[in-house]
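K.L.:
Below are the structure tokens for one structure; questions will follow.
The values are calculated or read from the model by the stated rules, or taken from the named source; none is laboratory data. The structure presented is a predicted model; accordingly, all values stated were derived computationally and were not measured. Quick reminder, even Gly has a Cβ in these numbers, built from the backbone with ideal geometry, and neighbours come from all protein chains shown. Just so you know, the surface numbers come from the protein's heavy atoms only, side chains and all, with ligands and any DNA or RNA stripped out. Shrake-Rupley method; radii C 1.70, N 1.55, O 1.52, S 1.80 Å.
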Amino acid sequence: ATQREYPAHRCVHQLFEDQVARTPEATALVYQDQVLSYAQLNAEANRLAHRLIDLGVEPGHSVATLLERSIDLVVAQLAILKAGAAYVPIDPRAPTERQSWIVSDCAAQLLLTDAHTEGAAALPTALMRLDLSDKAQTEHFPTTCPQLAGRSVDT
């Protein structure tokens, strides 16, 4: 019996932040040989969110992700939500024409990908190559949660 009322007044990233406050040292994410606690995952997502905001990402924008399953993908998804934007996942194995159509259709302000994904530069939007193992990309951004007005939307 796991059914519960969903807190419609809270966004997914806010619910995640509540979990961070409850269990900061608990394991949040495991991928291959990488393990992140809730506090570590939150700090990485906050740094990237601040970077995205610095790049002009605003509430209501769409940010596409062209990333394989990885820690970077989860961090990117959380960061995009924390910046107030919607994330639009794109399968890296999809044909370039399909990827281009998705980017255009959602009017993505930015595309997050990694250093190894070919063809991303040909897509019709600004491009950010993400490598969270390169601390120089985000280390000077704060680990605190961005303070944006926003709430979940009833559908």
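K.L.:
Would you list Tyr6, Tyr31 from the most to the least accessible area, probe 1.4 Å?
P.N.:
Reading off the accessible areas and sorting them downward yields Tyr6, Tyr31.
K.L.:
Another question about this same structure. Per the Cauchy relation, a quarter of the hull surface: what is the mean projected area of the convex hull of the alpha carbons in the range 1-80, in nm²?
P.N.:
Result: a mean projected hull area of 6.9 nm².
K.L.:
Here's another thing I want to ask about it. Given labels modelled 7 Å from the Cα in the Cβ direction, how far is it in nm from Val30 to Arg98?
P.N.:
3.1 nm
K.L.:
Which ³J(HN,Hα) values, rounded to whole Hz and listed in residue order, are derived for the range 49-65 from phi using the Karplus coefficients 6.51, -1.76 and 1.60 in 6.51 cos²θ - 1.76 cosθ + 1.60 with θ = phi - 60°, glycine and proline given as x?
P.N.:
After applying 6.51 cos²θ - 1.76 cosθ + 1.60, I find 4, 4, 5, 4, 4, 4, 7, x, 5, 10, x, x, 6, 10, 10, 8, 10 Hz.
K.L.:
Show the residues, 5+ positions off or on another chain, whose built amide H is closer than 5 Å to the amide H of Thr65.
P.N.:
Val88, Ile90, Leu112
K.L.:
Using label points projected 7 Å from each Cα along Cα→Cβ, tell me how many nm separate Gln14 and Leu127, to one decimal.
P.N.:
Simple spin-label model gives 3.7 nm for this pair.
K.L.:
Right, something else. For the range 5-50, what is the convex hull volume of the alpha-carbon atoms per residue, in Å³?
P.N.:
Per-residue hull volume (Cα only) is 92 Å³.
K.L.:
Right, another one. Nearest 500 deg cm²/dmol is fine: what mean residue ellipticity at 222 nm does the chain get from its DSSP H runs of n ≥ 4 alone, each adding -39,500 (n - 2.57), divided by its residue count?
P.N.:
-10000 deg cm²/dmol
K.L.:
Apply the Karplus curve 6.51 cos²θ - 1.76 cosθ + 1.60, θ = phi - 60°, to the phi angles in the range 32-45 and return the couplings in whole Hz, x for Gly and Pro.
P.N.:
Ordered by residue, 3J(HN,Hα) equals 6, 9, 9, 9, 10, 7, 4, 5, 5, 4, 5, 4, 5, 5 Hz.
K.L.:
In the P(r) worked out for the chain, what percent of Cα pairs fall beyond 25 Å?
P.N.:
30 percent
K.L.:
With all protein chains present, calculate the accessible area of Leu55 using a 1.4 Å probe and round the result to the nearest 10 Å².
P.N.:
Answer for Leu55: close to 100 Å² accessible.
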